[in-house]
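Have a look at the structure below before the remarks.
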Amino acid sequence: MSGPSWRAGQRELDLVLGDITRFAAEAIGNAANARLAGGGGVDGAIHRVGGPAIMEECRRIRGGCPTGQAVVTTAGNLPARYVIHAVGPVWRGGEAGEAGLLASAYENTLGLAAARGVRTLALPSISTGVYGYPLELAAPIALGTVADFLRQDSSLERVTFVLFNAETMAVYAKALEALT
Ligand code: ADP
């Protein structure tokens, strides 16, 4: 189900309710952990649907991926060319640099997508599941960071947040309204 959208010239940021593993985009983002070890939530779903090729590549990335950074793998059986694994911060109350790390996880994801000439990118709501980042605080950072990136010139034409439940959609929709 598609929701509201925002535009900057020909570039578009939109919100969709659904499962990111079923979404057709050239690249999809993953909310990974620093060990790139797979897990529950969206990470588990991406590895389950994408198949073992993604984990094989993750294992070859020495040292995993620090919080706030991102790495790229192929997408296995997913309808995408790349998975961009970003590691968001665990919520520790807000005084541990969480906001900067969350913005940086998105920025690095967008940068890696643009470096590969990706035009369409789907993103999950990083850190707002098991990592406990409050949705109302995470949504403006997620959307603001993507909107800032789309205002610049890059290969990206459309970025879609694929949100898994109605509550997340409602909070993101409100934050998107505040952006426009
Ligand atoms: P984190 O550990 O970064 O919090 P989670 O995977 O626990 O990551 O949650 C991040 C967000 O991803 C949550 O909003 C959760 O509802 C959502 N999510 C879980 N499965 C999927 C999926 N298949 N597609 C899109 N979003 C998903």
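Readers should treat all values here as calculations from the given coordinates under stated rules, not as data from a laboratory. Quantities reported herein were computed from a predicted structural model and do not represent experimental measurements. Glycine gets a Cβ as well: all are built from the backbone with ideal geometry, and neighbour counts include every protein chain shown.
What to note about this one:
- For segment 67-142, the alpha-carbon coordinates run over 36, 22, 19 Å along the three principal axes, in decreasing order.
- Computed [θ] at 222 nm, helices only, for the chain once each DSSP H run of length n ≥ 4 contributes -39500 (n - 2.57): -12000 deg cm²/dmol
- Across the chain, C-alpha contacts under 8 Å between residues 6 or more apart give a mean separation that, scaled by the residue count, equals a relative contact order of 30 percent.
- Charge sum, other residues only, whose C-beta stays under 13 Å from ALA24's C-beta, Lys/Arg counted +1 and Asp/Glu -1: +2
- Among ILE28, THR168, SER2 - extreme Cα towards positive end, dipole of the chain, charges at beta-carbon: ILE28
- Exposure proxy ranking, count of Cβ atoms within 10 Å, fewest first, for SER2, SER104, SER127, SER155: SER2, SER155, SER104, SER127
- Segment ALA99-ARG48, extension gain: residue separation times 0.36 nm, minus the distance between their alpha carbons: 15.4 nm
- Span from the segment 1-76 Cα centroid across to the segment 131-149 one, whole angstrom: 16 Å
- The three principal axes of the C-alpha atoms in segment 2-179 carry coordinate ranges of 41, 36, 28 Å, sorted with the longest axis first.
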